[in-house]
Amino acid sequence: MTTIQPDTGATQTFPMMRRCPYEPPAEYAALRAAGPVVRVLFPNGLTGWVVTRHAEAQQVLTDRRISTDSSRPDFPRVMDDEPTARPLSAGFFIDMDPPEHDVLRRMLISEFSVPRLKKMQPGIQRTVDGLIDDMLAAGSPADLVKAFCLPVPSLVICQLLGVPYADHDFFQSRTQKFVQLDADPTEGFQAIAEIRQYLDDLVAAAEREPGDNLIGRLVTERLRTGQLDRDALVGMAFLLLVAGHETTANLLSLGALTLIERPETLAELTGDPRQWSGTVEELLRFHSIVDWAAFDRMAVEDIQIGGQTIKAGEAVFVLAASANRDERAFERPDDFDIHRSGRRHVAFGYGIHQCLGQNLARAEIDTALRTLFDRVPALALDAPVAELPFKYNAAVFGLQALPVRW
Ligand code: HEM
């Protein structure tokens, strides 16, 4: 293990890469041992802080003196390729601080309530079943990412927003391109422009005739009452797509891989399906697919945390993948154990920006993986794990493709 001294003048460069599909970057254990808050050196030569432990991660994510608003002129740019100030898109409240953030988030809370999710559940099940029917009809082998993991969240978001059935193919093909931004940036940016235009048209159609869906309700209750303008509404719909599509797809592909590789866990789940909810939580914790890239923050005042002083204006990154392997919070944190109790992980973040769609994500992952393994019990990998295309460089960790056979 590399030894890292706490705050010795920023010797440790950041960020670090994952090199194993089942582990956070190898350096995280040493960083965590060095301290809960450790000074690091960023690619552009600036220094700042990473938060390595679970308790301090929760503390930072609930501290009102920590900002996530990267449109601030004083927001520290620490990576090589960052623009000097990111323009803040209307409605994109994941990048906003209170009070603007809270006003917009509150408008969506009822859309993710337990009764609303109960209403969505039959549609999620139909979507999952339909995709498995198509995959089985096309025959073995298949790329599970393309045939299943990407379309599940894309079609569920269609259902949530009220995208008409006839437009599903268009929506899905553009969202797939948009997720492949790394592969071909030009096509990716083109797809983003097309989706935004599509969402704008969808809002315009809802203004004429609001349906019983998220956009219809926001038009009736917020747009017509003057609480929200059209740009912000489109931005909120776009945020749901950005935040809820690739994340869920990546956890589905990693979840399928993890369970294919663990036949004893699958056998246990078949015998006792009540274990599925613990399994979903453990997949979220264990893989921590959303790490530092989503948790870029700055201190707006000097704050004391974990024995360090973070000065106003300094950059702070929360290492969720480290916090979720913190031995102070989890016993045997590097073991995959579906019997852990509680939902203490920070895979959905913590505090005011904690994932708004977390219960929808749980419902999708549970329904999708449970149904997949029930209906295709012979599902197996069609390539060695060492040859699988993991997204080591992407902001959200996952798989580009998952070749399977049955
Ligand atoms: C496995 C799936 C998912 C994971 C791991 C995930 C993870 C996260 C994380 C870590 C954050 C906090 C970011 C921060 O603090 O800056 C977040 C925020 C958010 N997520 Fe998710 N997410 C998932 C699925 C979804 C889904 C399905 C939706 C909705 C369709 C969604 C909507 C949002 C929204 C709107 C926010 C912003 C909340 C706010 O700023 O108040 N997410 N998510």
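The values are calculated or read from the model by the stated rules, or taken from the named source; none is laboratory data. Remember, predicted model here, so these are calculated numbers, not experimental data. Note that each Cβ is placed from the backbone with ideal geometry, even for glycine, and that neighbours are counted across all protein chains shown. Keep in mind that these areas ignore ligands, DNA and RNA; they rest on the heavy atoms of the full protein, side chains included. Shrake-Rupley method; radii C 1.70, N 1.55, O 1.52, S 1.80 Å.
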- Note on the structure: Of (1) out of contact with any Leu (no Cβ under 9 Å at 6 or more places or on another chain); (2) of a type outside the set (Phe, Trp, Tyr); (3) surrounded by 15 or more Cβ atoms within 10 Å (Cβ to Cβ); (4) on the phi < 0 side of the Ramachandran plot, residue 376 satisfies every one except (1)
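Take residue 196 and decide whether it is open to solvent by 50 Å² or more (accessible area, probe 1.4 Å) and in contact (Cβ under 8 Å) with a residue 40 or more places away in the chain.
Working: open to solvent by 50 Å² or more (accessible area, probe 1.4 Å): yes; in contact (Cβ under 8 Å) with a residue 40 or more places away in the chain: yes.
In short, yes.
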- Just one of the numbered conditions (1) part of a helix (DSSP H, G or I); (2) open to solvent by less than 40 Å² (accessible area, probe 1.4 Å) is not true of residue 211; which one? (1)
- Take region 358-406 and flag every residue that is β-branched (Val, Ile, Thr) and modelled with pLDDT under 95. 396
- Note on the structure: Those residues of region 382-400 which are assigned to a loop (DSSP other than H, G, I, E, B) and surrounded by 14 or more Cβ atoms within 10 Å (Cβ to Cβ) amount to 382, 383, 388, 391, 394, 395, 397, 398, 400
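Okay, residues lined up against (1) in contact with a helix residue (DSSP H, G or I) (Cβ under 8 Å, 6 or more places away or on another chain); (2) of a type in the set (D, E, K, R):
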{"site": "277", "(1), (2)": "yes, no"}
{"site": "285", "(1), (2)": "no, yes"}
{"site": "295", "(1), (2)": "yes, no"}
{"site": "317", "(1), (2)": "yes, no"}
{"site": "333", "(1), (2)": "no, no"}
- Item | Members of region 27-63 that are in a strand (DSSP E or B) and crowded, with 20+ Cβ neighbours inside 10 Å | 37, 38, 39, 40, 48, 49, 50, 51
- Task: Select the helices (runs of 4 or more DSSP H) contained entirely in region 64-178, then report the ones holding at least 1 residues which are open to solvent by less than 10 Å² (accessible area, probe 1.4 Å) and away from the ligand (no atom under 12 Å from the Cβ).
- Result: 114-138, 151-161
- Query: What number goes with the only condition from (1) open to solvent by less than 30 Å² (accessible area, probe 1.4 Å); (2) under 30 Å from residue 236 (Cβ atoms); (3) touching a Lys or Arg at 6+ places or on another chain (Cβ under 9 Å) that residue 344 does not pass?
  - Reply: (1)
- Message: Could you list, ordered by first residue, the pairs with Cβ atoms under 9 Å in which the first is in region 231-251 and free of Cβ contacts under 8 Å to residues at least 24 places away in the same chain and under 12 Å from residue 94 (Cα atoms) and the second is within 9 Å of the ligand (Cβ to nearest atom) and part of a helix (DSSP H, G or I), at least 6 apart or interchain?
- Response: 242/94
